[in-house]
1. With the requirement that a residue be small (Gly, Ala, Ser) and without any contact (Cβ under 8 Å) to a residue 24 or more places away in the chain, what does segment 167-217 give you?
2. Which residue is surrounded by the most Cβ atoms within 10 Å (Cβ to Cβ), if the candidates are limited to segment 218-248 and must be in contact (Cβ under 8 Å) with a residue 12 or more places away in the chain and of a type in the set (D, E, K, R)?
3. So how many residues does segment 160-201 have that are in contact with a Phe, Trp or Tyr (Cβ under 6 Å, 6 or more places away or on another chain), surrounded by 20 or more Cβ atoms within 10 Å (Cβ to Cβ), closer than 29 Å to Asp226 by Cα and not aromatic (Phe, Trp, Tyr)?
4. Filter segment 1-40 for residues that are under 28 Å from Tyr178 (Cβ atoms), touching a strand residue (DSSP E or B) at 6+ places or on another chain (Cβ under 9 Å) and in a helix (DSSP H, G or I) and give the result.
5. For Gly51, which of the numbered conditions (1) at pLDDT 95 or above; (2) in a loop (DSSP other than H, G, I, E, B); (3) loosely packed, with under 15 Cβ neighbours inside 10 Å fails to hold?
6. Is segment 176-184 home to any residue that is among the aliphatic types (A, V, I, L, M) and in a helix (DSSP H, G or I)?
7. Among all residue pairs at least 6 apart or on different chains, which show Cβ distances below 8 Å where the first residue, located in segment 10-38, is within 19 Å of Pro242 (Cβ to Cβ) and the second is among the basic types (Lys, Arg) and modelled with pLDDT of 95 or more?
8. Is there a residue in segment 146-153 that is surrounded by 13 or more Cβ atoms within 10 Å (Cβ to Cβ), touching a His at 6+ places or on another chain (Cβ under 7 Å) and not basic (Lys, Arg)?
Amino acid sequence: MQFEEMGNMSGKTLMLLPGTCCDWQTNFGSVIDSLSEKYHLICVNYDGFDGSDDIFPDMITVTEKIENYIKEHHAGVLDGAIGSSLGSSFVGQLVMRKNVHINHAIFGSPDLDQSGKVAAKLQSMLVVPILTSFTNGEKKRNKTKEKLKSFFLMSDETAEKFINCFSKFNPESIKNEYYTDLLTHLEEDINVDHTKAHFIYANKMGEKYLKRYKKYFHNPDIREFDMQHEQWLFGEKEYAEPVLEAIDEFMDTAI
């Protein structure tokens, strides 16, 4: 595990938790400077995605490591934590388990998919080979890059950055991350005193995800944006700036 602290060290603490098959440098790279101006950032790279030879074990083991870090370095309390996609599963677990306290739990347009072991295994058998084959050969690499640019409106530079990220991690870590995320369930109507759940809702994902946010968290603060999944992190100011403003509003909300 890798934890790096940076930014405005006298500002509110904000933990950044990256998504599937990503490190924080790639996932939050386009907004790290903006966030650093105001917040004391705690940037996390999970086992298997931290440049070491470790393999990602499972979501709960990694959650426990995050909890231990918060206890040891921040007296068990954070002003905020934001999870990008799968990173939101960690945010949800940190809130639900109540081993540490987070004032503002911010969910970056997650899907919050959950399933049983059989379905999780079947999904992993279908999806993981795709995730791990994006960069097999120059032709496939270029095709993937064009799809990223077309669907997410990424620049060529940003698409290249994400492809490089996909290609550098052990397939076993990717498999474990994807599979155990599906098996790491949230309770319904989670409601923790002095914690507010905030959601960045990318409406192009579809309303079924909006229903999930309301299912798992009690009276969540949901902000709707006209964008694709996590599009605000792909380098375009027209998507990033409104979300960054919303994050500031989330973090300033009275609990």
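The values are calculated or read from the model by the stated rules, or taken from the named source; none is laboratory data. Since the model is a prediction, treat every value here as computed from it, not as a measurement. We place every Cβ from the backbone using ideal geometry, glycine too, and count neighbours over all the protein chains shown.
1. Narrowing segment 167-217 to residues small (Gly, Ala, Ser): 167, 173, 197, 202, 206.
Result: Gly206, single match.
2. Going through the qualifying residues, I end up with Glu230.
3. The total comes to 3.
4. Trp24, Gln25, Asn27, Ile32, Leu35, listed by residue number.
5. Of the numbered conditions (1) at pLDDT 95 or above; (2) in a loop (DSSP other than H, G, I, E, B); (3) loosely packed, with under 15 Cβ neighbours inside 10 Å, the odd one out for Gly51 is (1).
6. So the first thing to find is which residues in segment 176-184 are among the aliphatic types (A, V, I, L, M), and the list is 182-183.
Then drop every residue that is not in a helix (DSSP H, G or I), which leaves 182-183.
Within segment 176-184, one or more residues are among the aliphatic types (A, V, I, L, M) and in a helix (DSSP H, G or I).
7. Matching pairs, first to second residue: Lys38/Lys12.
8. Looking through segment 146-153, none of the residues is surrounded by 13 or more Cβ atoms within 10 Å (Cβ to Cβ), touching a His at 6+ places or on another chain (Cβ under 7 Å) and not basic (Lys, Arg).
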